[in-house]
Amino acid sequence: MGAGNHTGVSQFLLLGLSDDPELQPLLFGLFLSMYLVTVLGNLLVILAVNSDSHLHTPMYFFLANLSFVDICFVSTTVPSMLVNIQTQSKGISYIGCLTQVYFLMIFAVMDSFLLTVMAYDRFVAICHPLHYTVIINPRFCGLLVLMCWFITFWVPLVHILLLRRLTFCTGTEIPHFFCELAQILKVACSDTLISNIFLFVATALLGVFPLTGILFSYSRIVSSLMRISSAVGKYKAFSTCGSHLSVVSLFYGTGVGIYLTSAVTHSPQRSSIASVMYTVLTPMLNPFIYSLRNKDVKGALGRLLSRGAPCLRWATDLRTKWTL
């Protein structure tokens, strides 16, 4: 099997989650259902935030952005996986693989940044409530989100440029259901030292630093709450952080779980299954966490669905009349 550079490699082979033909219909139905639930749930959160004036606040502005990023995040991997299962094909083009890596990294890093920004929002709201509207103003919120997008677009681009320098063997197999950067580096035929160093540095800067910011924000929040004498006041203040803490725990918990799984086990299949938690399950659960634990979001969703019910009945009645 001869080696060649990227110009000679037309495609990679994604091995997926299982080679068992009998499991393919089950996997297709499962991931299609999860994808539709993820898109619908996050889309409802975005519509609820935009349509309800009570939710036109910085916290829900960041939540709407997080839901949009989650839709894009899951759309980067699952649709191509469903197409491969349906067509019984494991191939993905070289350019398609690099494109998937690029956008997957963008939305993963953006998720991390938005969770950090939301932690800072809660820190200012609880620790500096009198200055909240001055510090967290609409212009500042917009600049924060734009700055996050700017950083996330450029850092993954460096990874792609480094990948373009590598050579790959013809018929290279990637033991995953999507093109993951770490897996691609493992199957490269040339020296990946520079790419691995940059991956380590980027992970530290874009993963560890945001997590440190979140932990610092909540340490200050806890310290501020300890000075409140009323137990009711403590609960009321900290209850606004419950949904965010749950999402942060799920996001970073699954990320650490994937890292530990990859380090402990040498089974690519187990690592792929662990990645499902991070790339599919987390974006799907986020809207449920915020809607079930947040009275404002639940109320906005209820009003949104109640406004949509008459339109649905009208469309049903109209279809009935046309069929008669």
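The values are calculated or read from the model by the stated rules, or taken from the named source; none is laboratory data. What you see is a predicted model; the values in this text were computed from it and never measured. Note: ideal-geometry Cβ built from the backbone for every residue, glycine included; neighbour counts use all protein chains shown. These accessible areas exclude ligands, DNA and RNA; they are computed on the full protein's heavy atoms, side chains included. Shrake-Rupley method; radii C 1.70, N 1.55, O 1.52, S 1.80 Å.
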| query | Of the heavy-atom accessible surface of the chain (probe 1.4 angstrom), what whole percent is carbon and sulfur? | reply | 70
| field | Spin-label model distance (nm) - E22 vs V187, 7 Å beyond Cα toward Cβ | value | 2.7
| task | List the relative contact order of the chain as a percent without decimals, with contacts defined as Cα pairs under 8 Å and 6+ residues apart. | result | 30
| query | If you rank R227, R307 by how much accessible surface each has, with a 1.4 Å probe, what is the order from largest down? | reply | R227, R307
| query | From the residues P156, F198, S53, which one has its Cα farthest along the dipole of the chain in the positive direction, the dipole being from +1 and -1 charges on Cβ of Lys/Arg and Asp/Glu about the Cα centre? | reply | S53
| note | Two pseudo-spin positions, 7 Å from Cα along C-beta at R227 and at T133, lie apart in nanometres by 2.3
| field | Sorted largest first, extent of region 1-146 alpha carbons per principal axis (Å) | value | 67, 36, 23
| request: Over region 44-109, consider all pairs of different Cα atoms and compute the Kirkwood hydrodynamic radius from their mean reciprocal separation; express it in Å, one decimal. | output: 13.8
| task | Of all alpha-carbon pairs in region 111-245, indicate the percentage at a distance above 19 angstrom. | result | 63
| message | Please compute the contact order of region 35-124 in relative form: average sequence separation of alpha-carbon pairs under 8 Å and at least six residues apart, divided by the residue count, as a percent. | response | 35
| query | How many lysine pairs in the chain, separated by 8 or more positions in sequence or lying on different chains, have Cα atoms less than 21 Å apart? | reply | 4
| What nm value, rounded to one decimal, do you get for the distance between E173 and S93 when each label is placed 7 Å out toward the C-beta? | 2.5
| Between L82 and R164, 0.36 nm times their residue separation minus their Cα-Cα distance comes to what? | 26.8 nm
| task | Of all alpha-carbon pairs in the chain, indicate the percentage at a distance above 37 angstrom. | result | 26
| message | Quick one: the Cα spread of region 96-182 along its three principal axes, in angstroms, biggest first? | response | 62, 21, 15
| Going through the DSSP H helices of the chain, which span 24 Å or more along their own axis at the Cα atoms while scoring at least 1.0 as a mean Kyte-Doolittle hydropathy? | 24-51, 58-75, 94-127, 138-164, 209-226, 242-264
| For region 140-184, list residues with backbone N below 15 Å from a point placed 7 Å from the Cα of L13 toward its Cβ? | 169-177
| query | If you average 1/r over every pair of different alpha-carbon atoms in region 201-252 and take one over that average, what Kirkwood value in Å do you get? | reply | 12.3
| So between L146 and L43, what do we pick up on full extension, going 0.36 nm a residue minus the alpha carbon distance? | 35.0 nm
| note | Measuring from its Cα centre, the chain shows a charge dipole (+1 at each Lys and Arg Cβ, -1 at each Asp and Glu Cβ) which, in debye to the nearest 20, is 1060
